[in-house]
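Below: one structure, written as structure tokens.
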Amino acid sequence: MPPNAFLNLVPEGGLKLTPRHYSYLKISEGCNHRCSFCIIPALRGDLVSRRPDAILREAEKLVEAGTKELLVISQDTSAYGVDIRKEPRMWKGAEVVPHMTDLARELGKIAPWVRLHYVYPYPHVDQVIPLMAEGLILPYLDIPFQHAAPSVLRTMRRPANEAKVLERIHKWREIAPDITIRSTFVVGFPGETEADFQYLLDWLDEAQLDRVGAFRFEPVEGAAANDLPGAVPDEVKEERYARIMEKTAAISAAKLEAKIGRTLEVIIDEVDGDGANARSQADAPEIDGTVFLRDAGHLKQGDIVRVEIEDADEHDLYGAPLA
């Protein structure tokens with residue numbers, strides 16, 4: 001049926017709350033984990049994956065409506081398909097297995113940029129790194145590690161093989177040298193000692209993560225962590241928060257300084273007069289940095305262009321489009 005203002009109230013690409021050039025694509029709901037600080041399973045239940053063909057159809061419509069960047073989200077993106085693993089679906093004449101790697105590969109054929117968020121560090125995450133090296137999806141992983149000290153991770157009910165994770169991070173960088181790894185960490189979790197916190201800082205020195213967010217532990221109604229012993233005083237939380245932010249800001253500044261003089265591909269978010277705000281492949285909207293461009297008034301929102309990086313600070317880059 002052709003579009004009709006009286007009959008087709010929702011456009012083909014759906015209703016969006018984001019700018020036209022990027023869209024969030026939800027692939028599942030709920031979570032099978034029982035982290036002690038989280039109540040998502042109580043609110044949303046166990047993981048329920050969407051059919052892969054339904055996801056790909058939505059992605060295709062979004063791109064047809066102008067989306068250039070798909071941001072793949074869920075409560076646990078890497079667990080996608082574990083509940084429907086024996087239910088492959090047909091798409092464009094071929095079967096698509098409901099698995100993160102297979103889904104990412106197909107999405108990479110649809111959108112110019114595909115970015116993976118909320119990835120739990122299962123072993124099979126290693127399989128998506130070659131897709132990044134091939135340029136099929138963005139070399140970007142958002143992995144909420146939450147902590148590094150084994151004792152804190154156990155109390156959080158999170159995986160505690162932090163040494164193995166470091167090995168994997170090094171391997172990922174060998175395969176896809178430009179990979180950006182973003183993560184979040186909780187400081188002041190019940191029972192966290194000074195030794196635990198120092199372990200986290202040392203781990204960050206070794207991991208050299210590109211983007212880091214940190215949060216002070218706060219009780220969430222209904223979370224098991226509320227009943228744990230060893231509450232950390234607020235003043236200690238604040239002091240540790242300041243230290244982790246200082247540490248990660250220094251790592252970020254060094255990594256961004258190393259990009260000065262390089263040519264990067266960016267997507268334009270906003271044009272204002274002669275300048276523009278953009279993001280590199282290392283920057284997710286709203287949570288990561290900005291590439292501030294001069295001499296960019298001729299560009300428009302959603303353009304993907306190559307720019308030369310001229311300067312950097314702790315979080316952002318500065319440059320100009322290539323002539």
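The values are calculated or read from the model by the stated rules, or taken from the named source; none is laboratory data. Predicted, not measured: the structure shown is a model, and the values here were computed from it. In this analysis, Cβ positions are derived from the backbone assuming ideal geometry, glycine residues included, and neighbour counts consider all displayed protein chains. Just the protein is used for accessible areas: all its heavy atoms, side chains included, with ligands, DNA and RNA removed. Shrake-Rupley method; radii C 1.70, N 1.55, O 1.52, S 1.80 Å.
Numbers at a glance
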quantity	calculated
Inter-part distance where the range 78-132 and the range 146-206 are each reduced to a Cα centre, Å	25 Å
Which of Ala223, Ser252, Gly289, positive extreme of dipole for the chain (C-beta unit charges)	Ala223
Overall form of the range 276-318 per C-alpha gyration tensor (a/c, 1.5; a/b vs b/c)	oblate
Surface accessible to a 1.4 Å probe, per residue, for the residues of the chain, Å²	48 Å²
Percent antiparallel among DSSP beta bridges (both partners in the chain, rounded to 5)	50 percent
Solvent-accessible area, 1.4 Å probe, carbon plus sulfur percent, for the chain	53 percent
Whole-Å semi-axes of the ellipsoid equivalent to the range 114-181 (Cα gyration tensor, √5λ, descending)	24, 12, 9
Over 28 Å between alpha carbons, listed pairs Lys247/Lys300; Lys26/Lys92; Lys109/Lys171; Lys61/Lys259; Lys68/Lys259	Lys247/Lys300; Lys61/Lys259
Centre separation in Å (Cα based) which lies between the range 18-34 and the range 256-306	24 Å
Relative contact order %, the chain, counting alpha carbon pairs below 8 Å whose residues are six or more apart	12 percent
Diffusion coefficient, µm² s⁻¹, Stokes-Einstein with Kirkwood Rh over alpha-carbon pairs of the range 184-225 at 20 °C and 1.002 mPa s	184 µm²/s
Ala320/Ile287 FRET efficiency (R0 22 Å; Cβ-Cβ; nearest 0.05)	0.30
Cysteines in the chain that, by Cβ-Cβ distance, have no pairing candidate under 4.7 Å	Cys31
Heavy atoms of Arg240: accessible area, 1.4 Å probe, square angstrom to 10	20 Å²
Cβ charges +1 (Lys, Arg) and -1 (Asp, Glu), total dipole of the range 48-120, debye	80 debye
The range 145-223: GluC sites (Glu not before Pro) falling in loop per DSSP and having at most 11 other Cβ within 10 Å	Glu221
Projected-area average for the chain over all orientations - Cα convex hull basis, square nanometres	19.2 nm²
Unit charges on C-beta of K, R, D, E only; dipole of the chain, Debye	1280 debye
Cα extents of the range 30-121 along the three principal axes, largest first (Å)	40, 28, 22
Prolate/oblate/rounded label for the range 171-313 (Cα gyration tensor, a/c 1.5)	prolate
The range 65-215 - share of DSSP beta bridges that are antiparallel (%, nearest 5)	20 percent
The range 137-259 - share of DSSP beta bridges that are antiparallel (%, nearest 5)	0 percent
Given charges at beta-carbon only (K, R positive; D, E negative), |dipole| of the range 17-160 in Debye	260 debye
